[in-house]
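Computed from the coordinates by the stated procedures, all read-outs in this text should not be read as laboratory data. Everything numeric in this text was worked out from a predicted model, so none of it was measured. Cβ coordinates were reconstructed from backbone atoms using ideal geometry, including for glycine residues, and neighbour counts include every protein chain displayed.
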Amino acid sequence: MFSLLPWRKRYGYQPGFEDFLFETFHGLDLESIVPREDLGVERQRSAANATYYQPISCRNMRFVLREAGKLGSHFQHFVDIGSGKGKACIFAARSGMFAAVTGVDFSAPLTAIALKNARHLGLKNINFDCRDAADYLLPPGKCLVFLYNPFDEIILDAFLRRNRQHFLIHSSIIAYAHDGHRGVLQNNGFELISRFEARKVSFHRMRPIS
Ligand SMILES: C[S@@+](CC[C@H](N)C(=O)[O-])C[C@H]1O[C@@H](n2cnc3c(N)ncnc32)[C@H](O)[C@@H]1O
């Protein structure tokens, strides 16, 4: 816990007691900052547009899943774009709300840690794909697509354009945490379902073609 203090100063990163307990009690590797230059990514363009690794808090992840559950539709798949060490995916897999859970991250070292964490917990319905979000195609079926501030508007735009057909066909919903680039969703034909200013979390779906 004390080794996290330098990150608090630089990144404002302050995991709560619950985060500390969750990691320690389950014997996982989740809580840290991994700066962009340490993500181990060679593709220059995407690396330059990435943020850095920071795990979602237990509190906010529970909130996201609770609010998603209120949207009144059944999701087949949870997909975390920029899954890091897998914390959001672990919560989704343990929630029982999804038949399958996928984490996508372009950092090979973080993906290896996410896999190790999931195996350690014995989770079965979860997998991690080491891939650039700009190249990733969402699986068929209704997805809850989770984004926790993984990258800037350029990669977000590339991801949305690449998956436009998916969103039109499958009515998937985006849950965007720390949603600074939500204007990009609007520009790509998404409508805001709900937004929670205090947590900077918003839910979006593609506007149907009229
Ligand atoms: C803020 S962390 C979020 C971690 C995780 N979603 C969670 O909630 O615990 C952002 C993650 O996005 C990943 N990322 C950034 N740019 C990416 C890209 N172009 N493709 C795939 N992953 C990316 C980073 O490696 C980092 O792990």
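Calculate how large, on average over all directions, the projected area of the Cα convex hull of the chain is; give the answer in nm² to one decimal.
That works out to 11.1 nm², a quarter of the Cα hull's surface.
How would you rank 116-126, 35-45, highest first, on the average number of other Cβ atoms within 10 Å across their residues?
116-126, 35-45
By how many degrees, between 0 and 90 and to the nearest 10, does the Cα long axis of helix 108-120 differ from the longest principal axis of the chain?
Taking the Cα atoms of the chain, the angle to 108-120 is about 80 degrees.
For region 3-206, with the dipole built from +1 on Lys and Arg beta-carbon atoms and -1 on Asp and Glu ones, taken about the Cα centre, which of GLY69, HIS178, GLY189 lies farthest toward the positive end?
Positive-end residue among those listed: GLY69.
With +1 on each Lys and Arg Cβ and -1 on each Asp and Glu Cβ, and nothing else charged, work out how big the dipole of the chain is about its Cα centre, in Debye to the nearest 20.
Using only the charged Cβ atoms, the result is roughly 460 debye.
With the dipole of the chain worked out from charges on the C-beta (+1 for Lys and Arg, -1 for Asp and Glu) around the Cα centre, which of HIS204, ILE154, VAL101 lies farthest toward the positive end?
Going by the Cα projections, it comes out as HIS204.
Cβ neighbours within 10 Å, averaged per peptide: list 180-193, 134-147 in order, most packed at the top.
Top of the packing list down: 134-147, 180-193.
Counting helices only, and only those DSSP H runs with n ≥ 4, report the 222 nm mean residue ellipticity of the chain as the sum of -39,500 (n - 2.57) divided by its residues, in deg cm²/dmol to the nearest 500.
It comes out at -10500 deg cm²/dmol, rounded to the nearest 500.
Count the net charge of all other residues whose Cβ sits under 15 Å from the Cβ of LEU185, scoring Lys and Arg as +1 and Asp and Glu as -1.
+3
Under a point spin-label approximation (7 Å from Cα along Cα-to-Cβ), what is the ASP129-ARG43 distance to one decimal in nm?
In this crude label model, ASP129 to ARG43 measures out at 1.2 nm.
Describe numerically, in nm with one decimal, the distance between label points set 7 Å from Cα along Cα→Cβ at LEU71 and at ARG162.
Going from the LEU71 label point to the ARG162 one covers 2.1 nm.
When only C-alpha pairs under 8 Å and at least 6 residues apart count, what is the relative contact order of region 3-206, in percent? Numbers along the way, then the final one.
Numbers: 372 pairs, mean separation 34.6, N = 204.
With pairs under 8 Å counted, the relative contact order is 17 percent.
By how many degrees, between 0 and 90 and to the nearest 10, does the Cα long axis of helix 17-26 differ from the longest principal axis of the chain?
Result, in degrees: 80.
Using Cα centres only, tell me the gap between region 127-177 and region 54-103 in whole Å.
If you average the Cα positions of each part, the centres end up 14 Å apart.
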